[in-house]
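Data block below; observations after.
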């Protein structure tokens, strides 16, 4: 077994456990904690649908996560014993295709749960009959919620990586060149991140009952998570750009696996760590709750 | 500082907004120069139409209670507290009342005043 293989196996096992075991379990225990601590009888506004519906959702999420775990183990065993790597990558290294495709599969249950949360909030707005609405008379600007240094760091990392990539490839600015295409993809991805951030900051209030303090906290967590993701993406692209030049392509597969884990840690990990039920005001979901404050 | 809008109240939401912002300025809860949320933010937080909040801000700006500083946003006017005391509706009623009294004492009939008022309104409604 080569160093490249060993590094990949370690990274891939970690990817399987982190994204298809640890985070799904953490997510399920959080939802079950909310269901148990804030029951529908006392907090009816939290549940626009019957509780049984949420239980079915949890079961499906658990099932798909376990399926993801099995797919991961199957990919690992195939890569170890079945796949002929010379057909997939140069120099016979394990292809980064495996952790990339598997990473995308692993995020499907999380995206599904995010979408179901979105439709739950939409229902919450539809059934909301409270005529009194409150808001803070305080401006909510980007730099009120995140440090300007973090924004500058994300911007500088992006610019630095694009310049580094172009420098490594002799500032070849033809559209068909890899470094130019990577730069365009980076700019488009960061543009998407910026749009999501702006929607989070200035977009519609999704939860009609959420307090202003909770909303600001949630927006701040979302924005920071997006900025960390942008930085991680830039660093990953920077390493990929250096790949061919510094002969480190034996690390490709392991790096791709680490990249997906970084995405998981910076999005799911950061959010679950910083948005906790104990720090959220659930009184607004009670039957006779006052309007959100 | 919080603001509350009741959709079932008799006063329309823009009037409630104006009233509460003026009260906050009068009570020093909002100081001269304090930044106010953007129209989009307030409309989103209160789940109101942007136009409703924009109308309230426009009228408050007209009364010099708040001032817009372009891309920097909207702030409480330096003389906002004094200007809160100026009631434009009461002033308009008083001016109209004086004019009507003058016209009536000159012998102009009520229908003639109505017609003249409508005509004048049509002529100046674009101002």
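The mean number of Cβ atoms from other chains found within 10 Å of a Cβ in peptide A:193-202 is 1, as a whole number.
Sort the stretch A:72-183 into rounded, prolate or oblate with this rule: let a ≥ b ≥ c be the square roots of the eigenvalues of the Cα gyration tensor; rounded if a/c is under 1.5, and if a/c is not under 1.5, prolate when a/b is larger than b/c, oblate otherwise. Oblate shape, in that a/c is at least 1.5 and b/c is the bigger or equal ratio. Site pair residue A:150 and residue A:122 shows an inter-label distance of 2.9 nm when each label is modelled 7 Å from Cα along Cα→Cβ. A Förster radius of 51 Å combined with the Cβ-Cβ distance from residue B:105 to residue A:37 puts the calculated FRET efficiency at roughly 0.10. Between residue A:108 and residue B:29, what is the FRET efficiency for a Förster distance of 56 Å, r being their Cβ-Cβ separation, to the nearest 0.05? Calculated value: 0.70. The alpha carbon centroids of the stretch B:1-49 and the stretch A:39-111 are separated by 46 Å. Using R0 = 60 Å, the C-beta based FRET efficiency linking residue A:178 and residue B:113 works out to 0.15.
Computed from Cα positions, the angle between helix A:212-245 and the longest principal axis of chain A comes to roughly 10 degrees.
Across peptide A:125-134, the mean count of Cβ atoms from other chains lying within 10 Å of each residue's own Cβ comes to 3. Against chain A, whose longest principal axis is taken from its Cα atoms, helix A:148-168 shows a tilt of about 20°.
By the count of other C-beta atoms within 10 Å, a proxy for reagent exposure, A:143, B:14 are ordered fewest to most as A:143, B:14. Using 17 Å as the cut-off for backbone N distance, which residues of the stretch A:225-263 belong to the label zone defined by a point 7 Å from the Cα of residue A:159 along Cα→Cβ? Within reach of a label on residue A:159, which here means backbone N under 17 Å from a point 7 Å along Cα→Cβ, the stretch A:225-263 contributes A:231, A:234-235. Look at B:101, A:137 and count the other Cβ atoms within 10 Å of each Cβ; fewest to most, that gives B:101, A:137. For chain A, modelled as a GNM whose springs connect Cα atoms under 10 angstrom apart, the maximal fluctuation among A:204, A:122, A:45 occurs at A:204. In terms of its alpha-carbon gyration tensor, chain A comes out oblate; a/c meets the 1.5 threshold, while b/c is at least as large as a/b.
Ordered by the number of other Cβ atoms lying within 10 Å of each residue's own Cβ, fewest first, A:129, B:74 fall into the sequence A:129, B:74. For chain A, the longest principal axis of the Cα atoms and the long axis of helix A:51-81 meet at an angle of about 10 degrees. In the stretch A:127-167, which residues have a backbone nitrogen under 17 Å from the label point lying 7 Å from residue B:19's Cα in the Cα-to-Cβ direction? Residues A:131-135 qualify, since their backbone N sits under 17 Å from the label point. Legend: Rg and Dmax of the stretch B:13-84, from Cα coordinates, 11.1, 31 Å. Modelled this way, with points 7 Å down the Cα-to-C-beta line, the labels at residue A:56 and residue A:84 are 4.8 nm from one another. Here the label points at residue A:134 and residue A:10, each 7 Å from Cα along the C-beta direction, are separated by 5.3 nm in the simple model. Test of understanding: in a Gaussian network model of chain A with alpha carbons linked when under 10 Å, which of A:246, A:199, A:38 would top the mean-square fluctuation ranking? Most flexible of the set in this elastic network: A:246.
Measuring between their Cα centroids, the stretch A:231-293 and the stretch B:57-97 lie 46 Å from each other.
Throughout, read-outs are computed from the coordinates displayed, never taken from laboratory work. The structure displayed is predicted, hence computed values, not measured ones. Using ideal geometry, Cβ is built from the backbone for each residue, glycine included, and neighbour counts are taken over all protein chains shown.
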